[in-house]
Amino acid sequence: MAVLIVSDIHANLVAFEAVLAAAGDYEEIWNLGDIVGYGPRPGESVDRIIELGPQYSLTGNHDWAAIGRLPLDEFNPAARFATYWTTAQLQTSHMEYLEGLPNRGIESAFMLVHGSPRHPVWEYVTTARVALPNFELFDSPVCFLGHTHVQMYISEDDARRGIAPRQPGDTDLLEIRGPKLIINPGSVGQPRDGDPRAAYALYDPRRGLVQFRRVEYDIAKTQEQMQLAGLPRPLITRLALGV
Ligand code: ZN
């Protein structure tokens, strides 16, 4: 069986549809949070997730911000503006869905969070130093997380030796065995690892394999939607750069 793992869709419905079309056969979808924020189609993105019915759907900091569960002090001006705009677009049904999302998914085989096991909604796992203490907070062989918008993986051994998270190549396969792993499938709607293509991962729990994937989408279309919505220019331009 295959699981489609998506994170940080950020209301970029064009990118999300491209991922769904490219992913091939999958039986389950797991969403690691930040369905909304930054992008031009928040309500429609929540509706699409509801329609797909993911087995796991977690909350992210932008989902919380959009429903007023998080102070916006730490958001930069563009992100703050986009959050107010997002909140104004959401209907009650969207709000209720976002309200109900958990911040963790824990099974014997895996842990799912948006940020990190230590701070599920907030912490950015970007370095070995941040990753290391988090390995002690889950017992499963793998923890999938998002939030940084950077597709990567790091093993507990690498973290202990101070080796930076590794950025996989397109379609790279990773076997889950040996030391524990933290894996980030990257961001569907706003990649920041220098590759503007939408990022996601396919996970085969039976064989213990994770495949990192990228797919091109119509970036100009999302940018046009953002422009018409009056969203901040830096948020529009960054999509084409993958930063
Ligand atoms: Zn995000």
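The values are calculated or read from the model by the stated rules, or taken from the named source; none is laboratory data. Fair warning: this is a prediction, and the values are worked out from it, not measured in the lab. FYI the Cβ positions are ideal-geometry reconstructions off the backbone, even for glycines, and counts take in every protein chain you see. Surface accessibility is based on the protein's heavy atoms, side chains included, excluding ligands, DNA and RNA. Shrake-Rupley method; radii C 1.70, N 1.55, O 1.52, S 1.80 Å.
Numbers for the structure displayed
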read-out	value
Listing of strands (runs of 3 or more DSSP E) fully contained in segment 134-185 that carry 1 or more residues being under 16 Å from the mean Cα position of the chain (by Cα) and within 16 Å of the ligand (Cβ to nearest atom)	142-144, 152-155, 181-184
Per-region count, segment 97-146, residues farther than 27 Å from Leu72 by Cβ, of a type in the set (A, V, I, L, M) and touching a helix residue (DSSP H, G or I) at 6+ places or on another chain (Cβ under 6 Å)	3
Segment 87-127, residues that are within 27 Å of Pro40 (Cβ to Cβ), among the aliphatic types (A, V, I, L, M) and assigned to a loop (DSSP other than H, G, I, E, B)	Leu90, Leu101, Val121
Every residue from segment 147-175 that is closer than 25 Å to Gly37 by Cβ and open to solvent by 70 Å² or more (accessible area, probe 1.4 Å)	Gln167
Criterion (more than 20 Å from Ser116 (Cα to Cα), without any contact (Cβ under 8 Å) to a residue 60 or more places away in the chain and surrounded by 14 or more Cβ atoms within 10 Å (Cβ to Cβ)) met by exactly one of Arg207, Arg197, Arg213	Arg197
Only listed residue being within 16 Å of the ligand (Cβ to nearest atom) and part of a helix (DSSP H, G or I), chosen from Asp47, Asp63	Asp63
Qualifying positions in segment 101-137 - of a type in the set (Phe, Trp, Tyr) and surrounded by 18 or more Cβ atoms within 10 Å (Cβ to Cβ)	Phe110, Phe135
Set Ala11, Ala18: member being within 11 Å of the ligand (Cβ to nearest atom) and either among the hydrophobic types (A, V, I, L, M, F, W, C) or open to solvent by 20 Å² or more (accessible area, probe 1.4 Å) (or both)	Ala11
For Ser45: the one exception among (1) surrounded by fewer than 16 Cβ atoms within 10 Å (Cβ to Cβ); (2) in contact (Cβ under 8 Å) with a residue 24 or more places away in the chain; (3) not aliphatic (A, V, I, L, M)	(1)
